[in-house]
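Working notes for the structure below.
Just so it is clear, none of the values below were taken in a lab; they were calculated from the coordinates. Small disclaimer: the values here were computed from a predicted structure and weren't measured. So basically every Cβ, Gly included, is an ideal-geometry build from the backbone, and we count neighbours across all protein chains shown.
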Amino acid sequence: MAFVADESVDKQIIDRLRDDGFEAFSIAEDHPGISDEEVLQLAVDQKAILITADKDFGDLVYQQMRASSGVILLRIAGLSQDEKCVVVSRTINKHTSELKNNFTVIGKSSIRIRKQTL
């Protein structure tokens, strides 16, 4: 499974995904400053799930009906870097089969997976 990590995603989370054996493309490393629309399109082109902490992607997917291969929205501010990495890694490893083409919100103590409809 492949992921595109938006600039809002901590480098430690990206490194943890890579350590877990996932392909993780980092916008901050390779295309800093591109628009949200370009980030979402890049994820679609790579058939990758977008990981972000930016709520604007919910608007792109649900209000503007933009295509996506799946989005994971991180709502884990306030956790330590180690805790963030553990929460994200555990969630992705546990719910791998449910993430594709869905909108997932990872909170500090909750996970919501919502089907995308286009």
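For Arg75 and Lys115 in one chain, what is 0.36 nm times their gap in residues minus the Cα-Cα distance, to one decimal in nm?
Values: separation 40, 0.36 × 40 = 14.40 nm, distance 1.84 nm.
Net length gain for the segment: 12.6 nm.
Label 7 Å along Cα→Cβ of Glu37; segment 59-84 residues with amide nitrogen under 16 Å?
59-68
Among bridges DSSP assigns within the chain, what percent are antiparallel (round to 5)? Could the numbers behind the result be given before it?
Numbers: 5 of 20 bridges.
Bridges in the chain that DSSP calls antiparallel: roughly 25 percent.
Need one word for segment 2-115: rounded, prolate or oblate. Basis is the Cα gyration tensor (sqrt eigenvalues a ≥ b ≥ c); a/c below 1.5 gives rounded, then a/b vs b/c decides. Mind dumping the intermediate values first?
Values: a/c = 1.43, a/b = 1.21, b/c = 1.19.
Taking the square roots of the gyration eigenvalues as a ≥ b ≥ c, segment 2-115 is rounded.
So what's the back-of-envelope 222 nm ellipticity for the chain, counting only DSSP H runs of four-plus at -39500 (n - 2.57) apiece and dividing by all residues, rounded to 500?
On the way: 5 runs with 41 residues, N = 118.
Value at 222 nm, helices only: -9500 deg cm²/dmol.
How do Asp6, Asp54, Asp82 rank when sorted from fewest to most other Cβ atoms within 10 Å of their own Cβ?
Values: Asp6 25, Asp54 18, Asp82 10.
Listed from fewest to most nearby Cβ atoms, that is Asp82, Asp54, Asp6.
Please give the contour-minus-distance gain from Asn101 to Asp59: 0.36 nm per residue of separation, less the Cα-Cα distance, rounded to one decimal in nm. Write out the running numbers ahead of the final one.
Values: separation 42, 0.36 × 42 = 15.12 nm, distance 1.57 nm.
Using 0.36 nm per residue and subtracting the Cα-Cα distance, I get 13.6 nm.
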